[in-house]
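The values are calculated or read from the model by the stated rules, or taken from the named source; none is laboratory data. Bear in mind that the values here come from a model prediction, so they are computed numbers and not experimental data. Using ideal geometry, Cβ is built from the backbone for each residue, glycine included, and neighbour counts are taken over all protein chains shown. Please note that ligands, DNA and RNA were not included when accessible areas were found on the heavy atoms of the full protein model with its side chains. Shrake-Rupley method; radii C 1.70, N 1.55, O 1.52, S 1.80 Å.
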Amino acid sequence: MTSYKFRPFLSLIGFCIFIFTILVIVAFRLATDPGSKMLLSTFSAVLSVFTLLWGIMGVIELISLIKKANRMKADYKNEQISREEYRRGRISLKVCFIANVSYLVIFSFQLWYVISNWDTFNV
């Protein structure tokens, strides 16, 4: 028997990177010293680009979750797993899909922010 417990690790890491990026952007807005503004601007640009690159991992995780959902459904139809295990796996997958899709929505807002403020980034 296989266990159908899923965790959206890549999306959770993406949320953490996004929150850290927002904190650096806020610190940049509040900084008054030109040296710290220059350093925070560089960190903000690097973190924004890294967040955008991590979005690829979010898409890969979404594809993987879709494949796992299809595999679990096929196992249930072939009576390889019980109804209770299928129900628990489906609930776990729903939570993962919610986390992943919300991360991809945040990723799209981050992409819009980077595109609209491209001239202010210091890479």
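Brief remarks follow.
- Additional length obtainable on full extension of the chain from residue 83 to residue 60, 0.36 nm per residue less Cα span: 5.5 nm
- Percent carbon-and-sulfur accessible area, the chain, ignoring ligands, DNA and RNA, probe 1.4 Å: 70 percent
- Entry for the chain at q = 0.09, 0.13, 0.21 Å⁻¹: log10 I(q)/I(0) = -0.37, -0.61, -1.07, Debye formula applied to identical alpha-carbon scatterers, no solvent contribution.
- Solvent-accessible area per residue for the chain (1.4 angstrom probe, square angstrom): 67 Å²
- Dimensionless Rg ratio for the stretch 65-123, taking C-alpha atoms and the 2.2 N^0.38 Å reference: 1.80
- Note, ³J(HN,Hα) from phi for the stretch 57-73, Karplus 6.51, -1.76, 1.60, rounded to Hz, x at Gly and Pro: 5, x, 5, 4, 5, 4, 4, 5, 5, 5, 5, 5, 5, 5, 5, 5, 5
- Relative contact order %, the chain, counting alpha carbon pairs below 8 Å whose residues are six or more apart: 42 percent
- Qualifying trypsin sites (Lys or Arg not before Pro) in the stretch 1-90, DSSP loop, other Cβ atoms within 10 Å at most 15: 5
- Only DSSP H runs of four or more residues enter the estimate; each adds -39500 (n - 2.57), and after division by the residues of the chain the mean residue ellipticity at 222 nm equals -29500 deg cm²/dmol.
- Pairs of Lys residues in the chain are counted when their Cα atoms are under 28 angstrom apart and they lie 8 or more places apart or on different chains; the count is 11.
- In nm, spacing of pseudo-spin labels at residue 50 and residue 33 (7 Å Cα→C-beta vector): 2.2 nm
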